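Here's the structure we're looking at; comments come further down.
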Amino acid sequence: MRTDIDTYVKNCSQCQSNKALRQVNKSPMQITTTSTKPFERISLDLVGPLPEAGLNKLKFIVTLQDDLTKYSLAYPIDNATAEETCECLVHFISVFGIPKSILTDQGTNFTADLFKRTCYFLKIKEIWSFPHHPQTQGALERSHSTLKEYLKSYVNENHSD
């Protein structure tokens, strides 16, 4: 059965055109700090701009990922503003609870005063990655790649369905 699946995927032109080529780079493992409880630390990032979708003209996706379990959530939004990012964070918190810390890049929606005040009010420690160093949020960036592959595979060519 496995060989049948491998053959099917290798012969599927859509699968082959949407898959990203990956180089195998082996580097020494480094000890990092990992959460001890689910949703203790989360990573938060933005995907986009993407082609507009739906009646609301959604162009961005806010992604959140738990550091320990790698559980991911994606929220479609129309603008990459601090207000919409905070709404997504508050929705996440209403379901899973308040994390102790949030790891983000230094995007304007994460460095905005509203986002900082929201984190301060909820007693969430903000951790920012270095500029132009996406490896800091490697697991979340990898899930972005998978998300984009899925979107490419399930959206038609003119992005209407």
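How many residues are surrounded by 13 or more Cβ atoms within 10 Å (Cβ to Cβ), assigned to a helix (DSSP H, G or I) and over 17 Å from the mean Cα position of the chain (by Cα) when one looks only at the stretch 97-113?
1
Working only within the stretch 20-71, note down all residues that are at pLDDT below 70 and among the basic types (Lys, Arg).
Within the stretch 20-71, ARG22, LYS26 meet the criteria.
Would you check which residues across the stretch 49-74 are out of contact with any Leu (no Cβ under 8 Å at 6 or more places or on another chain), surrounded by 15 or more Cβ atoms within 10 Å (Cβ to Cβ) and not aliphatic (A, V, I, L, M) and list them?
Passing the criteria: only ASP66.
Any idea how many residues of the stretch 120-153 are assigned to a helix (DSSP H, G or I), modelled with pLDDT under 85 and over 12 Å from the mean Cα position of the chain (by Cα)?
Residues flagged as assigned to a helix (DSSP H, G or I), modelled with pLDDT under 85 and over 12 Å from the mean Cα position of the chain (by Cα) within the stretch 120-153 amount to 7.
When residues of the stretch 114-130 are filtered for being among the hydrophobic types (A, V, I, L, M, F, W, C), out of contact with any strand residue (DSSP E or B) (no Cβ under 7 Å at 6 or more places or on another chain) and surrounded by 12 or more Cβ atoms within 10 Å (Cβ to Cβ), how many remain?
3
Just give me the residues in the stretch 87-96 being over 12 Å from LEU64 (Cβ atoms) and either more than 17 Å from the chain's Cα centre (by Cα) or buried (at least 18 other Cβ atoms within 10 Å of the Cβ) (or both), in sequence order.
Listed by number, the list holds a single entry, SER94.
Between residues in the stretch 51-64 that are free of Cβ contacts under 8 Å to residues at least 40 places away in the same chain and under 26 Å from ALA139 (Cα atoms) and residues that are assigned to a strand (DSSP E or B) and of a type in the set (Phe, Trp, Tyr), which pairs lie under 6 Å by C-beta distance while being six or more apart or on different chains?
Here the result reads VAL62/TYR75, each pair linking the stretch 51-64 to a residue that is assigned to a strand (DSSP E or B) and of a type in the set (Phe, Trp, Tyr).
The values are calculated or read from the model by the stated rules, or taken from the named source; none is laboratory data. Keep in mind it's a predicted model, so treat the numbers as computed, not measured. Glycine also receives a Cβ, built like all others from the backbone with ideal geometry; neighbour counts cover every protein chain displayed.
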